[in-house]
Amino acid sequence: MTSPDPLAPRLPSPVHEIRDERFGRRGLRLLLKRDDLVHPELIGNKWRKLVPNIAAAQGRALVTFGGAYSNHLRATAAAGRLLGLPTTGVVRGQELAGRPLNPSLARCAADGMRLHFVDRSTYRRKTDPETLAGILHAAGAEGAYVVPEGGSNAEAVRGCRALGAELRGHADVVAVACGTGGTLAGLAAGLAAGQRALGVPVLKGGFLEADVQTLQERAFGARTGTWSLDDRFHCGGYARTTPELEAFARDFEQRHGLPVERLYVAKLLYGLVALAQENAFARGTTIAAVVTGRPFPDPGPAAAGR
């Protein structure tokens, strides 16, 4: 008798309609694609991006990169614990090395991830081969399989294509919050003709369009699908929120009984409400918002049915 696969997913993730008058009075339907329910520990797009990379690693240890609040680091650490694979997380910010771990990094460490802190200048150059080799040597991770920041590479993008395929026939516009762009790149490729993908970046800088196109070229050979970005809703940048965003998220939770993850999902929903108010969508449009995460720390069993 074979043991169950600890990474076995719940696919396709469910699609739920949300009744919200901010959309309804403009003749719009809002659906939530509940990718937060794909796996209890590799939440949402993290499962879709990590599993293809784990397969490519062929049993080797994993090393990856992220900031102090990285969902990707936590997911990689959880995967390592579930599979018995050694993991190393290269964390942006040497100044963090001498401080108590925040709850996010503490979860990574509890799951067995070795944390290696690097200064921000070195971290920015981590894709340079010589710099990367130096980081891996210093971290004791030479020979490990390198998963890029956010998990976004060609393997991940091809893995996220299934997300788009699951939404064929469900919506006219599929919207997703973007960090490194891998989910949007794959999602757009999986949608049917006539559907379009909308990315809402959670980082400021306006650099993501080129990154998404590059990811698609590496995964599929060319820019693929119909997609665009609206970078007005980052609320100051990654891991930053505003009082207005916090009030919006609390209100959404109260309206719909749905815990809202703040760093990605809240910004996505906030952006969609703003776009609806701007009449950016034609009447009769069905919009699907991809719920890529849950609040951390997890609110507990009461949120399990989200």
Relative contact order in percent for the range 75-198 (Cα pairs under 8 Å, 6+ apart) equals 19 percent
Bridge orientation stat for the chain from DSSP, antiparallel percent rounded to 5, came to 10 percent
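On the accessible surface of the range 170-232, probed at 1.4 Å, how many percent belong to carbon and sulfur atoms?
It is 47 percent, rounded to a whole number.
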Only helices counted: for the chain, with every DSSP H run of 4 or more residues adding -39500 (n - 2.57) and the sum spread over all residues, [θ] at 222 nm is -11500 deg cm²/dmol
Once Glu253 and Ala192 are pulled to full extension, the length gained, defined as 0.36 nm per residue separation minus their Cα-Cα distance, is 18.8 nm
Expressed in angstrom and rounded, the centroid-to-centroid distance over alpha carbons for the range 144-160 and the range 163-208 is 17 Å
Taking the alpha-carbon centre of each part, the distance from the range 1-74 to the range 220-292 in Å is 17 Å
With label points set 7 Å from each Cα along the Cα-to-Cβ direction at Gln213 and Asp230, the distance between them in nm comes to 2.2 nm
Going residue by residue through the range 140-145, the Karplus relation 6.51 cos²θ - 1.76 cosθ + 1.60 with θ = phi - 60° gives ³J(HN,Hα) values, rounded to whole Hz and with x marking Gly or Pro, of x, 10, 5, x, 6, 7
Residues whose modelled amide H sits under 5 Å from the amide H of Ala175, counting only those 5 or more places away in sequence or on another chain, are Leu198, Ala288, Ala289, Val290
Taking R0 as 41 Å and r as the Cβ-Cβ distance between Leu83 and Thr242, the FRET efficiency 1/(1 + (r/R0)^6), rounded to the nearest 0.05, comes to 0.60
Within the chain, excluding any GluC sites (Glu not before Pro) found in a DSSP loop (not H, G, I, E or B) and having at most 14 other Cβ atoms within 10 Å, the longest uninterrupted segment runs 1-141
For the chain, averaging the sequence separation of alpha carbon pairs under 8 Å that lie six or more residues apart and dividing by its residue count, the contact order in percent is 21 percent
Each label sits 7 Å from Cα toward the beta-carbon; between Ala282 and Leu7 the label points are separated, in nm, by 4.1 nm
In whole Å, largest first, the alpha carbons of the chain cover along the principal axes 57, 49, 41
The aspartates and glutamates whose Cα lies under 14 Å from the Cα of Lys267, excluding any fewer than 8 residues away in the same chain, are Asp230, Asp231, Glu244, Glu246, Asp251, Glu253
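Enter the accessible area per residue of the chain (Å², integer; probe 1.4 Å; all protein chains in place).
43 Å²
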The size of the Cβ-based charge dipole (Lys, Arg +1; Asp, Glu -1) of the chain about the Cα centre, to the nearest 20 debye, is 280 debye
In nanometres, the difference between 0.36 nm per residue of separation and the alpha-carbon distance of Arg99 and Glu130 is 8.3 nm
Here the relative contact order (percent) of the range 1-119, from C-alpha pairs under 8 Å and at least 6 apart, is 20 percent
Farthest towards the positive end of the dipole of the range 1-144, among Ala68, Leu30, Ile54 and with Cβ unit charges of +1 on Lys and Arg and -1 on Asp and Glu, lies the Cα of Leu30
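The values are calculated or read from the model by the stated rules, or taken from the named source; none is laboratory data. Just so you know, these numbers come straight off a predicted model, no measurement behind them. A quick note on method: Cβ atoms are made from the backbone with ideal geometry, for glycine too, and the neighbour counts reach across all protein chains shown. The protein model used for the area step is the full one, side chains on, heavy atoms only, and it has no ligands, DNA or RNA in it. Shrake-Rupley method; radii C 1.70, N 1.55, O 1.52, S 1.80 Å.
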